[in-house]
Number of protein chains: 2
Amino acid sequence: MIITSKQNPHFKELKDLLTKKVRDEKNRFLIFGEDLFEIAEKRGKIIETFSTDANLYYDTTLSEALMKDLTPTVTSYKVGAILEKIDYVSNNNNNIIILDDVQDPDNVGAIFRSAACFNFDKLLLSNESADTYNDKTIRASRGGIFYLEVRRADLVEEIKSLKEKGYLIVGTEASGIQDLTKIYTSHKYAVIFGNEGKGIKKEILDLCDFSVGIKIDNLESLNVAHSASIIMHELRKNQGE
Amino acid sequence: MIITSKQNPHFKELKDLLTKKVRDEKNRFLIFGEDLFEIAEKRGKIIETFSTDANLYYDTTLSEALMKDLTPTVTSYKVGAILEKIDYVSNNNNNIIILDDVQDPDNVGAIFRSAACFNFDKLLLSNESADTYNDKTIRASRGGIFYLEVRRADLVEEIKSLKEKGYLIVGTEASGIQDLTKIYTSHKYAVIFGNEGKGIKKEILDLCDFSVGIKIDNLESLNVAHSASIIMHELRKNQGE
């Protein structure tokens, strides 16, 4: 049976997952497109699959119009899935990336992508950062989200607790030092990236052991996701040497 | 006088500049928003300014509806300008960044932004790369475009000519070497970044002296603009030491 009506109760359930509120309540999210689907099959917890192609084996078949209704801003997808959110599991990897109110979903997704590429697997986001599970973030992550343990929390409390556990807490700001040696030779560290316009909040900077920065000319700032990629790459490169 | 009609001939001229064809014919482009306006005043060749605010001193006043009509996808702008395209001037800076069919305007704009931040000022783009002067590219560049000499050309011809002039030609690909020493110790070099999906075309790679790469895990690739930022940062950092 192909679902063709927007009034169909099951389609309404799917569509409700486009809102953060429902995603949070149900602890589920949506992905679209074959590339993400493939990674989700390997690394995610799939609850239900759906497709516009009734001839293939998927749990649910949607008309092309309904699929388009779920993803209005992008080129048409043929497949999608409902997934369970990924748990944050404490493990032995001691490096943490922290985002303090990074608000553009594309930036958060881009940081997820690079974090996965550079083997960072723990991300802590302030509650005011862009939603982790919205379609833009997931697409920009290129599946990176399936390699990460992502958690949202009150950063002040979390950072205080990390300091008690012996973590080196490192801020990033234009005026920071350009030498990362103290970070990558440290046993356990957390590096914080701040809001696109305002940078890291003062109350968070005050908790940092020190800050690092990237020297730039001409413009006011680098994009925060690019800064994160540059610093994550440097940390991994030096750690590997 | 406030222009309020979409049929107004001058408004039509403005709107025509949203298309690449007209931008190319007239050698002009549009910018919007106060941040870009401020940089354009310092570094660009402004032909005409326009605003929704009749009380301020601008050449042309547009109704808010017409301004919105020019920039439908973004939050409302109050000011804008028509600018003359920036000439490519040969100077003594020997480093060139080359984009081989980078097709996403956001990626091209992001590379412009980082290039300006890291003091690269010459960019050469293949004819199939995203248009340099579309609104998305310019916005993503955050004004970086005003610090760059950007030129579009047939890359094979250009690279052959650069080789004759003694340039080291360096490709980027996943399998490339991770050591940039040979680049930043070179007198003159050009580094090439390829298409988002396909990388650098074989005929272009064949012209390269060698390729560099960034080691990654988990995912298939880094975003091309992030790769460019990482490599440009490394080159500048090492050159400065």
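Annotations for the structure displayed:
- Accessible surface, 1.4 Å probe, highest first, among residues A:Lys68, A:Lys122: A:Lys68, A:Lys122
- Computed about its Cα centre, the charge dipole of chain A is approximately 260 debye, with only Lys, Arg, Asp and Glu carrying charge at their Cβ.
- Heavy-atom surface of the protein assembly as shown, accessible at 1.4 Å and reported per residue (Å²): 47 Å²
- In Å, descending, principal axis extents of the Cα set of segment A:2-84: 27, 27, 23
- Per-residue average of Cβ from other chains inside 10 Å of B:107-114: 3
- Magnitude of the charge dipole for segment B:2-84, about its Cα centre and with charges confined to Cβ atoms of Lys, Arg (+1) and Asp, Glu (-1), is about 320 debye.
- Computed from backbone phi, the HN-Hα couplings of segment B:113-124 come to 4, 5, 4, 5, 4, 9, 6, 8, 10, 10, 10, 10 Hz, rounded to whole numbers (Karplus: 6.51 cos²θ - 1.76 cosθ + 1.60, θ = phi - 60°; Gly and Pro given as x).
- Annotation: B:Ser76 carries an accessible surface of approximately 90 Å², with a 1.4 Å probe and no ligand, DNA or RNA atoms counted.
- Other-chain or far-sequence residues with amide H under 5 Å of B:Glu128's (modelled H): B:Asp101
- Across identical copies of the chain, B:Asp206 has label-point separations of 6.4 nm, listed in ascending order, with the point defined 7 angstrom from Cα along Cα→Cβ.
- Measuring with a 1.4 angstrom probe and ignoring ligands and nucleic acids, B:Ile46 comes out at about 60 Å² accessible.
- Legend: mean number of C-beta atoms from other chains within 10 angstrom of residue C-beta atoms, peptide A:212-218, equals 6.
- Debye equation applied to the C-alpha atoms of segment A:100-211, log10 I(q)/I(0) at 0.19 Å⁻¹: -1.05
- Cα pair distances exceeding 17 angstrom across segment B:56-155, given as percent: 56 percent
- Going by accessible surface with a 1.4 Å probe and the largest first, B:Lys237, A:Lys6 read A:Lys6, B:Lys237.
- DSSP-defined antiparallel bridges as percent of all bridges, segment B:2-84, nearest 5: 75 percent
- When the solvent-accessible area of chain A is split by element, carbon and sulfur atoms take up 46 percent of it, the probe being 1.4 Å.
- For segment A:156-171, Karplus couplings with θ = phi - 60° (6.51, -1.76, 1.60), whole Hz, Gly/Pro x: 4, 4, 5, 5, 4, 5, 5, 4, 4, 7, x, 6, 7, 10, 10, x
- Candidate residues B:Arg236, B:Arg151: accessible-area rank, largest first, probe 1.4 Å: B:Arg151, B:Arg236
- HN-Hα J in Hz across segment B:136-153 - Karplus 6.51, -1.76, 1.60, θ = phi - 60°, x for Gly and Pro: 4, 4, 5, 4, 5, 6, 6, x, x, 4, 6, 10, 10, 9, 10, 9, 10, 6
- A compact globular protein would have a Cα radius of gyration near 2.2 N^0.38 Å; the ratio found for the protein assembly as shown is 1.04.
- Compared with the rule-of-thumb size 2.2 N^0.38 Å for a compact globular protein, chain B has a Cα radius of gyration ratio of 1.11.
- Of the GluC sites (Glu not before Pro) found in segment B:121-177, those that fall in a DSSP loop while having at most 15 other beta-carbon atoms within 10 Å are B:Glu128.
- Stokes-Einstein D (µm²/s) once Rh is taken as the Kirkwood radius of segment A:123-187 over alpha-carbon pairs, at 4 °C in 1.567 mPa s: 91 µm²/s
- Inter-chain shielding of B:134-143 (mean C-beta neighbours from other protein chains, 10 Å cut-off): 1
- In nanometres and ascending order, the distances from the A:Val22 label point to those of the other copies are 4.1 (point 7 Å from Cα along Cα→Cβ).
- Rounded to the nearest 10 Å², the accessible area of A:Arg28 at probe 1.4 Å: 90 Å²
- For chain B, share of DSSP beta bridges that run antiparallel, in % to the nearest 5: 30 percent
The values are calculated or read from the model by the stated rules, or taken from the named source; none is laboratory data. Remember, it's a predicted structure, so these values are computed and weren't measured experimentally. Ideal geometry is used to build each Cβ from the backbone, glycine not excepted, and the neighbour counts take in all protein chains shown. For accessibility, only protein heavy atoms count, side chains too; no ligands or nucleic acids. Shrake-Rupley method; radii C 1.70, N 1.55, O 1.52, S 1.80 Å.
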